[in-house]
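Take a look at the structure set out below.
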Amino acid sequence: MFKLEEILNILSMLILISAFILVANKRVNSYIKTFRLQSMLLAAAAGTLGIYHMAAERKFDSAIIMCLLIILLKVIFIPGMLNRICKRVEYKVEKDFFINIPISIIICCGLAILVWYVISLIPDIKGAYEIMFLTNSISLVMIGLFFMISRKKAIGQIIGFLVIENGMFMAALLTTFGMPMIVEIGIFFDVLAAVLIMGVFVFRINESFDSIDIDKLRNLRG
Amino acid sequence: MFQGIVKIVVQLIITAALAPLVSGIIKKLKARVQHRKGASVFQGYFDLLKLFKKDVVVSHNASWIFTATPYIYFVSILAASLFVPAIPQLFSFGFIGDAVLVVYLIAIGRFFMALSGMDTGSTFTGMGSSREMMISALIEPSMMLVLFTVGLNPLVGSLSFQAIYKGFAAPGWGFVSPSYLLLLISMLIIVIAETARIPVDDPSTHLELTMVHEAMLLEYSGRHLALMEISASIKQLLLITVICNVFIPFGSNAGVIQALGLYVLKVLVISGVIAVIEINSVKLRLFSVPNHAALAFILAVLGFMSSFVFGR
């Protein structure tokens with residue numbers, strides 16, 4: 001009924017929309033919810049790709065394993081862990097931003113337009129779909145980066161890091177239809193380890209400074 | 001000529017008959033989810049009948065604006081609804097750019113409503129007016145941008161609702177594209193803000209410091225209040241109709257009876273979606289409304305970009 005590119009295109013746009021929704025949020029639990037939604041969409045993209053390839057080539061495709069891994073790690077495990085951290089730390093709402101929300105949404109839109117412009121300057125990309133996939137995923141990376149620097153609290157920064165990773169994964173998945181299996185798994189375990197370490201850091205920071213505001217990390221304590 | 005008049009009358013009857021029902025259905029759904037029994041879906045009609053029978057009380061300090069506003073609001077919204085008929089067969093008139101006219105017909109009604117809120121000098125109504133103007137100033141640009149993008153779509157190529165309906169009515173899934181998705185989500189946020197639904201304003205409160213739309217109606221009574229209420233629900237139906245015919249254009253070029261049935265079904269589905277959004281969200285602080293408005297605007301801008309840069 002639909003062409004594969006058509007579905008992937010729409011899914012990639014939905015993932016970009018979820019990044020914008022993430023920037024508009026200010027509650028930590030809605031960060032986690034939105035991230036979970038974004039990862040589900042990413043898993044759906046990987047799953048569609050795998051199913052289409054399996055139907056076309058009649059052999060097993062590694063994108064299915066990617067889909068299952070995303071569901072296991074990014075939909076179930078990492079958000080669950082962040083929720084647990086969130087419960088142990090007393091703040092729930094992010095109050096003081098470096099930049100307020102409407103302006104940061106507009107900046108993100110500017111970033112997306114900039115990415116579109118830059119991608120359109122690359123001469124070797126042919127085809128509207130490839131340009132669209134690349135712009136959406138690189139915009140996602142940029143928005144994650146911006147999210148990381150615009151939020152003061154540590155959990156927001158972890159989420160920003162994860163969004164950047166989602167963007168990279170999406171770029172690899174949609175433009176090259178999946179990197180080699182072993183590389184993907186390596187990246188996944190990298191992210192997992194990074195998030196685990198960051199989670200432990202958040203606990204430690206919270207214990208020794210009574211807050212996870214990164215502004216307070218300036219003074220030393222023995 | 002005669003045919004045109006029949007079409008106008010049919011459209012007015014559909015609008016006026018369906019509008020309170022949509023509000024009633026949303027209320028009923030909300031009540032069922034909260035494990036309440038809730039009022040009947042036809043309660044809106046009974047309320048209107050009762051209000052039309054009651055006397056009108058007008059403050060001594062009120063000027064002519066206060067008494068004229070309900071009629072102006074009602075007529076402007078009804079006129080706007082003639083440009084956005086339920087099904088394409090009911091188009092009686094239209095011209096290039098009538099999409100812009102619809103937005104500003106809604107704005108006229110809102111302008112007079114805000115004036116009447118400030119007219120009596122009551123503090124509550126004045127507060128409601130200034131809030132309403134703030135929200136509308138935030139929402140109107142995104143609505144214009146959505147309509148422009150839809151109108152300039154290669155399938156349509158004109159800013160009149162007749163061309164928009166016709167352009168999207170082609171069978172199949174040709175209308176689904178990334179820019180369509182962005183515009184649809186933007187439009188949902190717009191509809192919720194325009195119809196004073198929960199994340200922006202609570203339609204079921206009558207004496208709260210946070211109310212916006214209800215605050216402006218505090219001084220009205222009797223048939224004036226009835227007119228204001230029915231105009232609000234017609235506005236809601238109008239915006240839902242825009243979503244129905246522009247974003248879910250299935251079967252609108254079938255036979256008249258079939259298309260009308262599908263239209264009612266689509267309206268019910270969208271009211272269900274609005275009710276679900278309302279159930280799952282809490283009322284925002286007034287100063288958080290710009291965040292959502294910015295989201296709606298930016299999604300519309302991205303839809304515009306995507307439609308023009310990629311042609312999709």
| Could you put A:Ser137, B:Ser122, A:Ser30 in order, starting from the residue whose Cβ has the fewest other Cβ atoms within 10 Å? | A:Ser30, B:Ser122, A:Ser137
| Exposed-site-free run, longest, chain B (rule: chymotrypsin sites (Phe, Trp or Tyr not before Pro); DSSP loop; at most 13 other C-beta within 10 Å) | B:174-312
| query | Of A:Lys3, A:Lys153, B:Lys166, how do they rank once you tally other Cβ atoms within 10 Å and put the fewest first? | reply | A:Lys3, B:Lys166, A:Lys153
| request: Please compute the net charge surrounding B:Lys30, taking Lys and Arg as +1 and Asp and Glu as -1 over other residues with Cβ under 13 Å from its Cβ. | output: +4
| query | Taking the Cβ of B:Thr205 as the center, what net charge do the other residues with Cβ under 14 Å away carry, scoring Lys and Arg +1 and Asp and Glu -1? | reply | 0
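Counting pairs of alpha carbon atoms under 8 Å apart in space and at least six apart in sequence, what relative contact order in percent does the range A:4-218 give?
Relative CO of the range A:4-218 lands at 23 percent.
For A:Met13, A:Met181, what's the fewest-to-most ordering of other Cβ within 10 Å of each Cβ?
Going from least to most buried by this count: A:Met181, A:Met13.
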| Where q = 0.26 Å⁻¹, what log10 of I(q)/I(0) comes from the Debye formula for the range B:192-255, counting one point per Cα? | -1.13
| message | Quick check: convex hull over the Cα atoms of the range B:1-155, volume per residue in Å³, rounded to an integer? | response | 182
| message | Suppose the Debye formula is applied to equal point scatterers at every Cα of the range B:2-309; what is log10 I(q)/I(0) at q = 0.14, 0.15, 0.16 Å⁻¹? | response | -1.11, -1.27, -1.45
| query | Kirkwood-based Rg over Rh for the range B:156-312 (C-alpha set), two decimals? | reply | 1.01
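Per residue, how big is the convex hull around the C-alpha atoms of the protein assembly as shown? Give it to me in cubic angstrom, could you?
177
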| task | Mind jotting down the three principal axis lengths of the range A:4-218 based on Cα atoms? Whole angstrom, largest first. | result | 56, 35, 23
| message | Could you work out [θ]222 nm for chain B from helices alone, using -39500 (n - 2.57) per DSSP H run of at least four and dividing by all its residues? Round to the nearest 500 deg cm²/dmol. | response | -23000 deg cm²/dmol
| query | Quick one: helix B:289-309 against the long Cα principal axis of chain B, what's the angle to the nearest 10°, folded into 0 to 90? | reply | 20
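Would you mind working out the magnitude of the charge dipole of the range A:4-218 relative to its Cα centre, with +1 at each Lys and Arg C-beta and -1 at each Asp and Glu C-beta, to the nearest 20 Debye?
Dipole about the Cα centre, nearest 20: 780 debye.
Taking the range B:77-191 on its own, what percent of its Cα-Cα pair distances exceed 19 Å?
54
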| field | Mean projected area (nm²) of the alpha-carbon convex hull when the range A:10-67 is viewed from all directions | value | 4.0
| request: Specify the angular offset, from 0 to 90 degrees and rounded to the nearest 10, of the alpha carbon long axis of helix B:43-53 from the longest principal axis of the alpha carbons in chain B. | output: 50
| task | Would you mind checking which residues have amide H under 5 Å from A:Asp213's amide H? H placed 1.01 Å from N; only 5 or more apart, or other chain. | result | none
| Net charge, B:Thr125 excluded, C-beta distance under 13 Å - Lys, Arg +1, Asp, Glu -1 | -3
| said: Greater than 26 Å separation of Cα atoms is the criterion. Which listed pairs, A:Lys33/B:Lys283; A:Lys59/A:Lys126; A:Lys3/A:Lys126, meet it? | reply: A:Lys59/A:Lys126
| remark: Computed over the range B:145-192, the relative contact order (Cα-Cα under 8 Å, seq sep at least six) in percent reads 27
| message | Quick check: convex hull over the Cα atoms of the range B:1-42, volume per residue in Å³, rounded to an integer? | response | 40
| What angle do you read, to the nearest 10 degrees and between 0 and 90, between the alpha-carbon axis of helix B:256-279 and the longest principal axis of chain B? | 60
| task | Take each complete run of DSSP H in chain A, measure how far its Cα atoms stretch along the helix's own axis, and keep only those covering 15 Å or more with mean Kyte-Doolittle hydropathy at least 0.0; list them. | result | A:4-24, A:28-57, A:101-121, A:128-150, A:154-176, A:181-209
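Every number in this text was worked out from the coordinates using simple rules, so none of it is lab data. Everything numeric in this text was worked out from a predicted model, so none of it was measured. As a convention, Cβ positions derive from the backbone with ideal geometry for all residues, glycine included, and neighbour counts pool all protein chains shown.
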